[in-house]
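Note sheet for the following structure.
The values are calculated or read from the model by the stated rules, or taken from the named source; none is laboratory data. Everything numeric in this text was worked out from a predicted model, so none of it was measured. All Cβ positions, glycine included, derive from the backbone under ideal geometry; neighbour counts span all protein chains shown.
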Amino acid sequence: MYGTVETIPYLCKRCYSCVRECPAIAIRVEHGQAVVMAERCIACGHCVTVCSQNAKRTKSEVNYVLNEIIPRGNVVAVVAPSFPASFTDDYAKVPSALRKLGFDKVCEAAFGADLISPKYLAEIEKDGKKTIISSACPAVYNYIEMYFSELVPKLAKIVSPMIAMGRYIKETFGHDTSVVFIGPCIAKKSECKDEKVEGAIDAVLTFAELKEMFALTNINIADLSDSNFDAPVGLTGKSFPLAGGLIKTAEISDDILEKEIIVVEGRSKVEEILHELLNNKINARLIDILFCEGCIKGPAIDSNLNYYSRREKVINYINDNIKSADKQVWKSNIYNARNIDLSREFEDRDKRIPTPDEEQIKEILAQTNKFTKQDELNCRACGYVTCRDYAIAIAKGLAENDMCLPYLIEKLERAYKELQDTQEQLQSAEKLASIGQLAAGVAHEINNPLGTILLYTSLLKKELDKKLESKQTIEDLDLIAEETNRCKNIVSNLLNFARQGNLKVSEVDIYDLINTILKPIRIRPEFKGISFLMECEADDTTIKGDSDQLKQVFLNVISNACEALEEKEIKKVNIKISKDENDIIVEIKDTGNGIPKENMGKLFTPFFTTKKMGKGTGLGLAIVYGIIKMHKGDIRAASEPGLGTVFTIRLPLNLQ
Ligand code: ADP
Ligand code: MG
């Protein structure tokens, strides 16, 4: 399949304007780049016009014409009648410029239009009430062949003015003549390569390409003099590029056929009429369809003038030339061409992909967070009119998930939040690591003197036990031993904190582990009256981890929950274990006094405690945090002051 439009890699900036404009859904987004699929493209050229980044361009034939066709000699240029809309000030000099470029003859495509228009008249006047669709616009017949193939039999089996002119020139001037068509249309490039009209035209240039050739060969069109086209000149065919051009050219009487002719121009109207025709709602005799609003709005017209000024230019040109044309000569030229075959065939090239089933569409919509009708914003940022159309395009392999802007923004916000969280966690992990090193050093140094104090305290106690009057001193020594033991407890916690680095990994059943911890907790006198509820939603709760360290985690968190219940009437601790694809999730929820908002950020900081002197060390959660991070897990707290707290711990099933 000949690809008329090329995509220039990396220029595409994901605006999806081309996707929005493409009537054939022939643009696939791959890795963020919108690429034209040659096999689905109808060559209308709309994507080229709307791409502000110039990421789409028509295949150029400038080099081919300059370096191969012109040097061959015996070359005829066929210029489309819309040329005054492109060469606005110098249109009368275009024939001179083309001759200077090396063309031997410069003819008007308008004569081709004059040749085919009687054929249309004959078709209309032929038997029955059959609806005929004009086939002069290649984007239209491509569209019908590929996406409305049921309508192919309605296409008039008549060649376009370009092909008519090509066949005429080859028949009249000799088959070794090369014919180059120059016009405002990108689709003509695809028509030129169409096997069914092969051999009539050797190359197609756009007006923009012609201007490029003038620049390359230093031809300044303004310096040249006006000149006429070579014979055969066109007559009413000159009005072909205007709205209803075919009707005017064929001189079909509006009076007789008033309601039986429909002129349709522009993409959205074209789609509309084809759907109507498909549904058998139209009975007109002739439907003249052009993909652009007249060829003067063609994608390669290359002019700064607006539609009306362009129209004016073409009309002026027609008025200037029609009057001076020799009608007798024109008539005899038409007569002499009577035996030229101006027919062609069309074929069914159906490219429609079946619509996916409802389940599949729903599944795809859900992938971009659209679960209900309200979630479907239909914002068109992806290039499709509705979220549903977009989902269908994904199912057909024509679009990607990442084209949905609201979904992308949500994804980005989530990623940003996660990044922020990770950064905070990283900072506190770093802080904890340095505190851990310091703690290990200090703990080690303090542990030995504490041992010595305890030893001598017990020796002294033994000595004094023998003497009755030393009761008070013994009590003092007990206090020294008690306080020293408290210090030892802190030191051992500090060492635990510092030791988190080494994990002894084995298979650990979290459900069993928590049950083991709960046993001694349940019987502790200070936790009397607490009801414990254990729920498990996972069938297998085994993970890879360090059993001793994980015991510490749950012991600390459950102890904290129990301690928070001290002054509460309702004393409940609920533990829920669940599981998702990657993690075991343990929720420890209490009905305790909760955590004030201002303390939420300090929970995992070493030595942060709100408990009475001698009750808390403030190291429990710091240790918990360190151990969980070593297990590549996560811990989060949520609390409602006065009502209770829930700690959610996530531990990966497979520690790598
Ligand atoms: P400690 O228990 O020694 O005070 P932790 O590091 O274990 O130290 O806890 C730090 C602080 O976090 C506690 O003093 C308490 O204020 C708060 N905290 C932890 N868990 C809870 C909970 N379940 N309910 C209320 N406060 C809690
Ligand atoms: Mg604690």
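Numbers for the structure displayed
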read-out: Where V557 falls short, out of the listed (1) crowded, with 20+ Cβ neighbours inside 10 Å; (2) out of contact with any Ser or Thr (no Cβ under 9 Å at 6 or more places or on another chain); (3) farther than 28 Å from L495 by Cα; value: (3)
read-out: Residues satisfying the stated conditions in the range 109-134, i.e. of a type in the set (G, A, S) and either surrounded by 16 or more Cβ atoms within 10 Å (Cβ to Cβ) or not in a helix (DSSP H, G or I) (or both); value: A109, A110, G112, A113, S117, G128, S134
read-out: Selection count where residues are in a loop (DSSP other than H, G, I, E, B), at pLDDT 95 or above and either closer than 16 Å to E526 by Cβ or acidic (D, E) (or both), scope the range 577-592; value: 1
read-out: Checking N574 against (1) assigned to a strand (DSSP E or B); (2) within 12 Å of ligand 2 (Cβ to nearest atom), the condition it does not meet; value: (2)
read-out: From the options T610, T605, residue that is within 16 Å of ligand 2 (Cβ to nearest atom), over 30 Å from E507 (Cα atoms), surrounded by fewer than 19 Cβ atoms within 10 Å (Cβ to Cβ) and among the β-branched types (V, I, T); value: T610
read-out: Residues (away from ligand 1 (no atom under 12 Å from the Cβ), touching a helix residue (DSSP H, G or I) at 6+ places or on another chain (Cβ under 9 Å) and modelled with pLDDT under 95) located in the range 546-566; value: D546, S547, Q549, L550, K551
read-out: The range 18-28: number of residues that are surrounded by fewer than 21 Cβ atoms within 10 Å (Cβ to Cβ) and over 15 Å from K351 (Cβ atoms); value: 2
read-out: Verdict on F604 being touching a strand residue (DSSP E or B) at 6+ places or on another chain (Cβ under 9 Å), assigned to a loop (DSSP other than H, G, I, E, B), within 19 Å of E563 (Cα to Cα) and outside the structural domain of K488 (by TED's automatic domain parsing); value: yes
read-out: Single unsatisfied condition, N333 versus (1) of a type outside the set (D, E, K, R); (2) at pLDDT below 85; (3) farther than 29 Å from G45 by Cβ; (4) out of contact with any strand residue (DSSP E or B) (no Cβ under 8 Å at 6 or more places or on another chain); value: (2)
read-out: From the options E598, E581, E569, E587, residue that is surrounded by fewer than 20 Cβ atoms within 10 Å (Cβ to Cβ), more than 6 Å from ligand 1 (Cβ to nearest atom), under 14 Å from V646 (Cα atoms) and not β-branched (V, I, T); value: E587
read-out: Selection count where residues are touching a Leu at 6+ places or on another chain (Cβ under 6 Å), more than 8 Å from ligand 2 (Cβ to nearest atom) and of a type outside the set (G, A, S), scope the range 613-631; value: 2
read-out: Near pairs, Cβ below 9 angstrom, 6+ apart or cross-chain, from the range 608-634 (outside any helix (DSSP H, G or I)) to any residue that is hydroxyl-bearing (S, T, Y) and more than 9 Å from ligand 1 (Cβ to nearest atom); value: D634/T648
read-out: Every residue from the range 252-296 that is of a type in the set (K, R) and either within 23 Å of K238 (Cβ to Cβ) or modelled with pLDDT under 90 (or both); value: K259, R267, K281, R285
